[in-house]
Amino acid sequence: MTKKTKPRSRATVDRIEDDVAVLVVDGQQVTRALDALPPGVREGDVVDLEAGTVDAEATEALRADVRAARERAMHGKKPPAGDFDL
């Protein structure tokens, strides 16, 4: 018989606003005090909420996925000309 392990609770840091982090957990946005997260956490990091650590492997995999999606979106497209404000 195989023992099932409980999936770890992970969150992605969507953004940091002052001393509050906006996290995405299971597709839902939640907020946490920045000081309740691991020191040095930054936007785009994947945080293991149970261990209280940044999951470096999952973070790098997520960043690679985002880079690939951007490349697919921009494939064959030139950036807009001129100056513009965001």
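Every number in this text was worked out from the coordinates using simple rules, so none of it is lab data. Keep in mind that this is a model prediction, so the values were computed, not measured. Every residue, glycine as well, gets a Cβ built from its backbone with ideal geometry; the counts of neighbours run over all protein chains shown.
Given H placed on each backbone N at 1.01 Å, which residues far from Asp55 in sequence or on other chains put an amide H within less than 5 Å of it?
Here Val46, Val47, Asp48 satisfy the definition.
Grab the other residues whose beta carbon is less than 12 angstrom from that of Glu43, score K and R as +1, D and E as -1, and report the net.
0
Would you please classify the overall shape of the range 6-56 from the alpha carbon gyration tensor, given that a ≥ b ≥ c denote the square roots of the eigenvalues, rounded means a/c under 1.5, and beyond that prolate means a/b larger than b/c while oblate covers the rest?
Oblate shape, in that a/c is at least 1.5 and b/c is the bigger or equal ratio.
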